[in-house]
Every structure is written in C-alpha cells, then in structure tokens.
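The values are calculated or read from the model by the stated rules, or taken from the named source; none is laboratory data. Just so we're clear, the structure is a prediction, and the values are computed from it rather than from any experiment. Note that each Cβ is placed from the backbone with ideal geometry, even for glycine, and that neighbours are counted across all protein chains shown.
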Amino acid sequence: MKITVVRYCLPFLLTFTASQPSTAASTPPSFADNPEVIAFAHDLAKRHDFDAEQLIGDFARIRSNSKVLQLIKPPASPLQRSWERYRPRFLNERRIDGGVRFWQEHAGELARARESYGVPEEVIVAIIGVETEYGRNTGGFKVMEALATLAFDYPPRAEFFRTELEQFLLLSRENSLEPLAVKGSFAGAIGIPQFMPGSQRRYATDFDGDQRVDLSNSVDDAIGSVGRFLEQHGWLAGQPVAVPATLDAAPEAGLIEAGLRPSLKVADLQARGIRSAADAQATVALIDLVSPGRTTEYWLGFENFYVITRYNRSSFYAMSVFQLAEEIRSRMCRSASTTAENRGKYCRA
C-alpha cells in the first residue's frame, strides 16, 4: 500500500496578530497524559519486565495522529466494490517490470525460499510488489505513534491495536530497535513486506543469517518471511491457486456466501452450470469479481488462494497477487537473460 505523507506549512506569526489563536491550543496532549496509557505501561512492566517509567517517557514524546484516524475510518460515502477499478492499481507495467527486476536481482534467495517453504518465487515477488512496490513505499508514519493512536483513540478496533502495540514494543526490544524511530504504514505495518508487529514476531525469519530479523532493510529477511508466513498458513506446494469459471446464469444463493475458504466440490458446481478446468473432485470457493455496470468475473479459488487472503482478507487482493505473479512469471519466461534450465520452470503451462 502506498502511503502519502502530507506536510502542512504553518503561517508565520506576525506581531500584529495578537488575537490569532495559538497553534498550541489545537495540539493534542502527549499520550503520557492519558491514564489508560499509563496503566498500559505499568501492565507491560508487570507482564514483560519493561521499565514503566521509560515507556511513559517514550509515550510523552508522541501524540494522537489525526491523519492516522482519518485514514483508518471508512469513507462517509463508500464506493461500490469494483474489480475494474482495483485491478489496474497492481496489474500494470511498472509493477510487472519491477517484479522481473526484483526476481533477477534476488533469484538465489527466492529459490531458497521456494525450497524451504514450497512457495513459488513469483508469488513471493508479487506480494512484495503489491505491498510496497518492492520496498519503494514502506510508509512514513512513526509506528509507535500510529499504533498508540489506534489503540487509545479509535474505539472500534482498540483491543486489536493495543495488542499490536504490545507486540511492537516487544519486537523493538528483541531486535534492539529504537521504537520511536521505526517507520511504517498508518496502521502500523512494517517493512518491505508490511508485516504487522504480531505477524513479524510469529512468522518472520532471519533469512540472511545475521542473528536479527530486519524487514525494513534486509530483502533476504523479507523474502524468507513472506514464504514462511504463507507456509505456516497452509500453502500447498505445487498446487494451483485459481482458475476462471464460466456460468450459464447468476450463481445460486449461498455459493458466494460460502466464503473464501474452499468448501464446494467442483463436480457439484458443474451440475449447477459452473464450468472450469478444475478437477471434478477438487474443493474450491466460488469467487466473484464484481464491477458496477460490467459482467461479473467468476473464478474458482483453491486452498492456496485462501492462504493468500490470510495476508489481506480480500478476494480482490488475493486475485491481484495471483495475476501479478502470473504476469511476472510469464515475463521471466520470455526474458532473454533467463537460462534454458530456468525457462523450463518459468514457462510451465
């Protein structure tokens, strides 16, 4: 996700504008003035042996970020879901060409991740491409400030973000990071693959062997961590992700509502007029890619499609990753720099 940081220029304070309201009046207090934050710091000290006063001192240096709150809230007038609008954000020449270059530059690490976790190179590349355009856009928000803002000033998801704030502070201590210096997305996602702190502690790996996990600066760690995340969520090596489907009419009620986790037999779908190249005995999910004013595009998603949605729980996201991966693999297949041995792998049907 590309994060745009907007900087505002404050007007000069002129001596004759004594009646001008002070900008300090609109500045929120530091988090150290919030009793809930103080209680949170003492709780972490009790459960994880943090220095409560040091934590409170760090919280005194950050304040609620209004931009974070603006970005996290759903739009007042939400747009209809549209695959036609969503797809070009990630399926474009810049990301395809960038993915080919990324693969060529890190071929050894990507091959090692495939061997270790069973996840194809193109899928790892595509996730990094969708998330941060291969590390170009990792976010400019202070992660501790963003997480604190959502943990204490955004009630709808306060519990989740307090847990992530706790995980972030543990992560910082474990990796000798200065918590106030770490940058990421407005939601607290970190580094080249945009892992939330809890996911980083559970699934990230020291893939470059330097005895620390660094998703912000180590491409190797990012590649290995994406592969391990998918493997830990059930990736099936050598199995398909999705195939297009053709319908004679609108699908029966309940088929889409069955969800993204495969639970429908292909043979049963065939009997209902839903045709595809999938094996009749396979279990799949019926995926609808809707665009207002356009014919809905249907696909059958296998277990690996569902696994991609554990990274971001959206069928649009998972399909973007899959289709970007296929485009990158196809481009690698046709690349003049690809060896004959690798061309045999990349050019599979």
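Structure summary
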{"quantity": "Single residue of Asp248, Asp210, Asp214 found to be surrounded by 13 or more Cβ atoms within 10 Å (Cβ to Cβ) and farther than 17 Å from Ile308 by Cβ", "calculated": "Asp214"}
{"quantity": "Region 53-68, residues that are outside any helix (DSSP H, G or I) and of a type in the set (Lys, Arg)", "calculated": "Arg61, Arg63"}
{"quantity": "Selected residue [more than 16 Å from Arg112 (Cα to Cα) and in a loop (DSSP other than H, G, I, E, B)] from Asp206, Asp210, Asp268, Asp288", "calculated": "Asp210"}
{"quantity": "Selection count where residues are of a type in the set (S, T, N, Q) and closer than 27 Å to Gln232 by Cβ, scope region 75-117", "calculated": "1"}
{"quantity": "Extreme residue, farthest from Phe141 (Cα to Cα), among residues of region 30-47 that are aliphatic (A, V, I, L, M) and surrounded by 15 or more Cβ atoms within 10 Å (Cβ to Cβ)", "calculated": "Ala45"}
{"quantity": "Which numbered condition Ser199 misses (of (1) within 15 Å of the chain's Cα centre (by Cα); (2) closer than 30 Å to Leu289 by Cβ; (3) in contact (Cβ under 8 Å) with a residue 40 or more places away in the chain)", "calculated": "(3)"}
{"quantity": "Residue among Asp206, Asp221, Asp210 that alone is charged (D, E, K, R), within 17 Å of the chain's Cα centre (by Cα) and under 30 Å from Thr138 (Cβ atoms)", "calculated": "Asp221"}
{"quantity": "Tally, over region 69-123, of residues that are part of a helix (DSSP H, G or I), touching a residue at least 12 places away in the same chain (Cβ under 8 Å) and over 30 Å from Asp206 (Cα atoms)", "calculated": "9"}
{"quantity": "Given (1) among the aromatic types (Phe, Trp, Tyr); (2) closer than 21 Å to Ser314 by Cβ; (3) assigned to a helix (DSSP H, G or I), index of the condition Phe186 fails", "calculated": "(3)"}
{"quantity": "Residue check for Ile72: surrounded by fewer than 19 Cβ atoms within 10 Å (Cβ to Cβ) and among the hydrophobic types (A, V, I, L, M, F, W, C)", "calculated": "yes"}
{"quantity": "Hey, Val100 β-branched (Val, Ile, Thr) and either within 18 Å of Ile308 (Cβ to Cβ) or out of contact with any helix residue (DSSP H, G or I) (no Cβ under 6 Å at 6 or more places or on another chain) (or both) or not", "calculated": "no"}
{"quantity": "Test for Phe50: is it surrounded by 10 or more Cβ atoms within 10 Å (Cβ to Cβ), at pLDDT 95 or above and either touching a strand residue (DSSP E or B) at 6+ places or on another chain (Cβ under 7 Å) or not in a helix (DSSP H, G or I) (or both)", "calculated": "yes"}
{"quantity": "Scan of region 226-257 for residues that are touching a strand residue (DSSP E or B) at 6+ places or on another chain (Cβ under 6 Å) and free of Cβ contacts under 8 Å to residues at least 40 places away in the same chain, ordered by number", "calculated": "Leu255, Ile256"}
{"quantity": "Residue list for region 47-68, filter: among the basic types (Lys, Arg) and either without any contact (Cβ under 8 Å) to a residue 24 or more places away in the chain or closer than 12 Å to Tyr154 by Cα (or both)", "calculated": "Arg47"}
{"quantity": "Single unsatisfied condition, Asp208 versus (1) outside the structural domain of Ala282 (by TED's automatic domain parsing); (2) modelled with pLDDT under 95; (3) among the acidic types (Asp, Glu)", "calculated": "(2)"}
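Let's see how each residue does on (1) within 29 Å of Gly129 (Cβ to Cβ); (2) modelled with pLDDT of 95 or more:
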{"residue": "Val243", "(1), (2)": "yes, yes"}
{"residue": "Asp279", "(1), (2)": "no, yes"}
{"residue": "Leu286", "(1), (2)": "yes, yes"}
{"residue": "Arg294", "(1), (2)": "yes, no"}
{"residue": "Trp299", "(1), (2)": "yes, yes"}
{"residue": "Ile308", "(1), (2)": "yes, yes"}
